[in-house]
Amino acid sequence: MNFFTAPPPRERKPEKREKRPPWLGPPEDFVGAVAPLDLALFHSETLAVVLTDAVVFPEGARLNVRMAARRSEEIDDETWWDRHERMFNVHTRHRSSLDENIRFGVRFSDGSKATTVDDVLDRTGDWPPPRPDGPVLHCRRSGNSSGSDDFLSGHWPLWLWPLPPPEPFEFAVEWPLFEVPLTFAEVDGTPVAAAAERSHPYWP
């Protein structure tokens, strides 16, 4: 006679999972195609910001920004580690003021634009959220980062929707807190749009 008896198996009902709308991020079941960009957005003695590449999907692209900072003799310990927090800690960034945030943006040839300070994706609790009227650029979190006593580096993935047209468009960056003025770089949209043709599902 067994003292411990297993409970009857729990009945599990299959859950219907809705696909994520393309304006919220890349499709989970697709492999993105890489379009190299290697555009220097900002460069000073202590800070560099580079748009390295785009991972492209059929309806949008993840733009990858790399940042690196090095310590100068004038920066004390408190300032240095505060910079580390503000550069890479997403929670600190959400609590801070607009001027303390790094912001990115794109502007297309027709004048339409999208920036990371727009909150068009957060105005409703409905799922799926309504389709935005214009382009979207958002960064939900910073990517991998590393830091030491004299060097910081990090990765910021930005989701751009819809897919940019095969023509030049502008990419903007600004960070008043770290003396990065509003700076524009021209991005060739042709290889980005072409890379969408190489994106494919994991399972045909």
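When both residues are 6+ apart or on different chains and their Cβ atoms are under 6 Å apart, which pairs have a first residue that lies in the stretch 105-127 and is surrounded by 10 or more Cβ atoms within 10 Å (Cβ to Cβ), and a second that is at pLDDT 90 or above and of a type in the set (Val, Ile, Thr)?
Filtered contacts from the stretch 105-127: 105/115; 114/106; 114/136.
Out of curiosity, is residue 169 in contact with a Lys or Arg (Cβ under 7 Å, 6 or more places away or on another chain), of a type outside the set (Asp, Glu) and surrounded by 15 or more Cβ atoms within 10 Å (Cβ to Cβ)?
So residue 169 fits the description; yes.
Across the stretch 173-196, which residue is nearest to residue 43 (Cα to Cα) among those that are crowded, with 16+ Cβ neighbours inside 10 Å and among the small types (Gly, Ala, Ser)?
Once the filter is applied, the top-ranked residue is 185.
Conditions tested, residue by residue: (1) free of Cβ contacts under 8 Å to residues at least 60 places away in the same chain; (2) part of a strand (DSSP E or B); (3) of a type in the set (Asp, Glu); (4) in contact with a strand residue (DSSP E or B) (Cβ under 7 Å, 6 or more places away or on another chain).
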| residue | (1), (2), (3), (4) |
| --- | --- |
| 23 | no, no, no, yes |
| 40 | no, yes, no, yes |
| 53 | yes, yes, yes, yes |
| 63 | no, yes, no, yes |
| 72 | yes, no, no, no |
| 79 | yes, no, no, no |
| 82 | yes, no, yes, no |
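The values are calculated or read from the model by the stated rules, or taken from the named source; none is laboratory data. These numbers come from a predicted model, not from an experiment. Virtual Cβ from ideal backbone geometry, glycine too; neighbours counted across all protein chains shown.
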